[in-house]
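Trainee: The structure's right below; bear with me while I get my questions together.
The values are calculated or read from the model by the stated rules, or taken from the named source; none is laboratory data. All values derive from a computational prediction rather than experimental measurement. Here Cβ is always computed from backbone atoms with ideal geometry, including for glycine, and neighbour counts include all displayed protein chains. Calculation scope for accessible area: heavy atoms of the full protein, side chains included, ligands and nucleic acids excluded. Shrake-Rupley method; radii C 1.70, N 1.55, O 1.52, S 1.80 Å.
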Amino acid sequence: MTHALTARLAPAEAVAAGRDAGSPSPTGTAETSNTNSKGRRIGEVILDVQNISLRFGGVKALTDISFNVREHEVRAIIGPNGAGKSSMLNCINGVYTPQEGQITFRGQTFKHMNSRQVAEMGVARTFQNLALFKGMSVVDNIMTGRNLKMKTNIFQQAIRWGAAEREEVAHREFVEHIIDFLEIQAHRKTPVGRLPYGLQKRVDLGRALAMEPQVLLLDEPMAGMNVEEKQDMCRFILDVNDEFGTTIVLIEHDMGVVMDISDRVVVLDYGKKIGDGAPDDVRANPDVISAYLGTSH
Ligand SMILES: Nc1ncnc2c1ncn2[C@@H]1O[C@H](COP(=O)(O)OP(=O)(O)OP(=O)(O)O)[C@@H](O)[C@H]1O
């Protein structure tokens, strides 16, 4: 069903505690001012996507896409269904290798990088369709996010001896901090598959946070959630951004949420970039308005 454009692109109520939805744009234009709406400085460019083109056979998923992400900002990627948003995240985290273009992360430029290498560089990701082990507990799912940090070998871990035992204790303590932070203590031992969907999404966020990322890629973190769950998720995303200084790149369809929590927004349509800037600028962009008028979500 096609909703009214005004409803989708209108300013939403401030769901994010502490952020004033009516305050001036935090970053001004795509390249200029440097504080967000909480007054914290937005840093230098940490992630620079340059001229990315990606094809699947005859399908042009992305065509010559360039944008950057500054340290500590919340950067949204929006666009109608099939616009290329997930493909873009998949290029950033090494799942897809674009035919053209390159990505610079913290000054290091790469054309081909696998997911493990990207994760080791400090980029973590949550998934549109949850990638959790449904039969495993919340604690154990979040522990999987610590795998890259484990120094002892699998044999030492299996017999939990010496260094492996000490390492496991330290990792479990870290995981408990995340569980406290995400307010899911009551569910620590529950198999994830038994949790409501909103809480499963929170566990997926916890698994990504366990990697201690500098950049967190969130693929539709609020999809399928009710209003209350969305408000909670917004709060956690902003707290992660504030308290850990984590840079956030998110894909989200809920325009109210996007306009509320993002510092800058990049807009894709049919694999091309049609807008890039502060939420207010993007909302007023005629190309963005017509792209959304022509779609059915
Ligand atoms: N693995 C793939 N093989 C073939 N085509 C693909 C593949 N992944 C994506 N595409 C195509 O690339 C285009 C962009 O898809 P993508 O999933 O990135 O869009 P999206 O903006 O994330 O859409 P949605 O909002 O529906 O999730 C679409 O035409 C899609 O069918």
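Trainee: Residue check: is I65 touching a residue at least 60 places away in the same chain (Cβ under 8 Å) and either farther than 25 Å from M222 by Cα or in contact with a helix residue (DSSP H, G or I) (Cβ under 8 Å, 6 or more places away or on another chain) (or both)? Please lay out each step first, then the result.
Mentor: On the way: touching a residue at least 60 places away in the same chain (Cβ under 8 Å): yes; either farther than 25 Å from M222 by Cα or in contact with a helix residue (DSSP H, G or I) (Cβ under 8 Å, 6 or more places away or on another chain) (or both): yes.
Yes.
Trainee: Next question, about the same structure. Can you tell me which residue among F127, F110 is free of Cβ contacts under 8 Å to residues at least 12 places away in the same chain and surrounded by fewer than 21 Cβ atoms within 10 Å (Cβ to Cβ)?
Mentor: F110
Trainee: Restricting segment 190-225 to residues that are at positive phi and open to solvent by 30 Å² or more (accessible area, probe 1.4 Å), which is modelled with the lowest pLDDT?
Mentor: Among those that are at positive phi and open to solvent by 30 Å² or more (accessible area, probe 1.4 Å), it is G224.
Trainee: Oh, and also: Given the conditions (1) part of a strand (DSSP E or B); (2) farther than 21 Å from N68 by Cα, report the number of the one that I289 does not fulfil.
Mentor: (1)
Trainee: Which condition number in (1) without any contact (Cβ under 8 Å) to a residue 40 or more places away in the chain; (2) open to solvent by 20 Å² or more (accessible area, probe 1.4 Å); (3) under 15 Å from D48 (Cα atoms); (4) within 16 Å of the ligand (Cβ to nearest atom) is the one that G94 fails?
Mentor: Here G94 meets the rest and fails (2).
Trainee: Now for a separate question. So, in segment 99-125, how many residues would count as being among the polar types (S, T, N, Q), at pLDDT below 90 and under 16 Å from S87 (Cα atoms)?
Mentor: The total comes to 2.
Trainee: Considering each of D254, D232, D260, D239 in turn, give the residue that is within 16 Å of the ligand (Cβ to nearest atom) and charged (D, E, K, R).
Mentor: Checking each option against the conditions leaves just D254.
Per-residue answers, yes or no, for (1) β-branched (V, I, T); (2) near the ligand (Cβ under 10 Å from one of its atoms); (3) modelled with pLDDT of 95 or more; (4) surrounded by fewer than 17 Cβ atoms within 10 Å (Cβ to Cβ):
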site: V49; (1), (2), (3), (4): yes, no, yes, no
site: F56; (1), (2), (3), (4): no, yes, yes, yes
site: L62; (1), (2), (3), (4): no, yes, yes, no
site: R70; (1), (2), (3), (4): no, no, yes, no
site: I77; (1), (2), (3), (4): yes, yes, yes, no
